[in-house]
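Below is one structure; the comments refer to it alone.
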Amino acid sequence: MEPAFEQPSARRQHLRNLLGTALLTAGLGLYVGLLGWLFAGMVGFVGSFLVVGVGAWSLTRVPAPWVLRGSGARPLEGDRAPALVGMTAVLAQRAGLPRMPRLYLLPSREPQAMAIGGANDPVLAVTASLLQRLSPRELAGVLAHEIQHVLKRHGLKN
């Protein structure tokens, strides 16, 4: 009998993720800061490093309408995709979201999905290629994963 795989606690994993993100951001900041130093000396270094830090901090705080507008996403209404809307409604209810996510279609050939917004105004965006390539069961898994991002981001689930 094989020993059970031990998973780190959620808190420990969260700390590891934060540390990894901080190290990657610091590395990017140092790289961009070095470029700034080459062009403008110490002022360029500090300014470039701060721009990377502020950019990384604000990345998750961009309002959903800006992201949707920037990506060219279009709303997916119930009459255009009734099965998708129904599936999303069931998943959102099971997850305990206060509101059903609004659905958008992304103009991309790559199969992608993303979650935007908070728990009180969640948005899920998918590409047509994702909808075409996945079975309903696989699509439900992807949507549930995106809903989990909304819940985790706003501390609604552990």
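The values are calculated or read from the model by the stated rules, or taken from the named source; none is laboratory data. Keep in mind it's a predicted model, so treat the numbers as computed, not measured. Accessible surface areas use protein heavy atoms only, side chains included; no ligands, DNA or RNA. Shrake-Rupley method; radii C 1.70, N 1.55, O 1.52, S 1.80 Å.
Which sequence of Leu23, Leu18, Leu103 reflects their accessible areas, 1.4 Å probe, from the largest down? Intermediate results must be reported in sequence, preceding the final value.
Details: Leu23 115, Leu18 95, Leu103 10 Å².
Result of the area sort, largest leading: Leu23, Leu18, Leu103.
For every helix of n ≥ 4 consecutive DSSP H residues, a contribution of -39,500 (n - 2.57) applies; sum these over the chain, divide by its total residues, and give [θ] at 222 nm rounded to the nearest 500 deg cm²/dmol. Provide the component values of the computation, followed by the final result.
Working: 5 runs with 96 residues, N = 158.
It lands at -21000 deg cm²/dmol.
Does the stretch 49-96 come out rounded, prolate or oblate, given a ≥ b ≥ c as the square roots of the eigenvalues of its C-alpha gyration tensor, rounded meaning a/c under 1.5 and, failing that, prolate meaning a/b above b/c? Show your work: numbers first, answer last.
Values: a/c = 5.42, a/b = 2.07, b/c = 2.62.
Judged from the Cα gyration tensor, the stretch 49-96 comes out oblate (a/c at least 1.5, b/c at or above a/b).
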- Note on the structure: If the chain between Ala89 and Arg61 were fully extended at 0.36 nm per residue, the gain over the current Cα-Cα distance would be 7.6 nm
- Message: So I have (1) 2, 9, 17, 18, 14, 10, 9, 8, 7, 4, 2, 1, 0; (2) 2, 9, 20, 23, 23, 15, 6, 2, 0, 0; (3) 2, 8, 13, 15, 14, 14, 12, 9, 7, 4, 2, 0, 0, and one of them is P(r) over Cα pairs in 5 Å bins from 0, in percent calculated from this model. Which one is it?
- Response: (3)
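Give me the percent of accessible area attributable to carbon and sulfur for the stretch 23-122, probe 1.4 angstrom.
Numbers: 4390 of 6520 Å².
That share works out to 67 percent.
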- Percentage relative contact order, the stretch 21-158, counting C-alpha pairs under 8 Å, at least six apart: 16
- Sort Met114, Met42 by accessible area with a 1.4 Å probe, largest first. Met42, Met114
- Item | Among Ala56, Ala92, Ala22: highest mean-square fluctuation, GNM of the chain, C-alpha pairs under 10 Å | Ala22
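What ranking of Arg94, Arg137 comes out by heavy-atom accessible area, probe 1.4 Å, highest first? Display every interim value, and only then the final one.
Values: Arg94 185, Arg137 210 Å².
Largest to smallest exposure gives the sequence Arg137, Arg94.
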- Message: How much accessible area per residue does the stretch 26-125 have, counting only protein heavy atoms and a probe of 1.4 Å, in square angstrom?
- Response: 62
- Residue ranges of DSSP H helices in the chain that stretch 27 Å or more (Cα, own long axis) and have mean Kyte-Doolittle hydropathy of at least 0.0 are 10-59
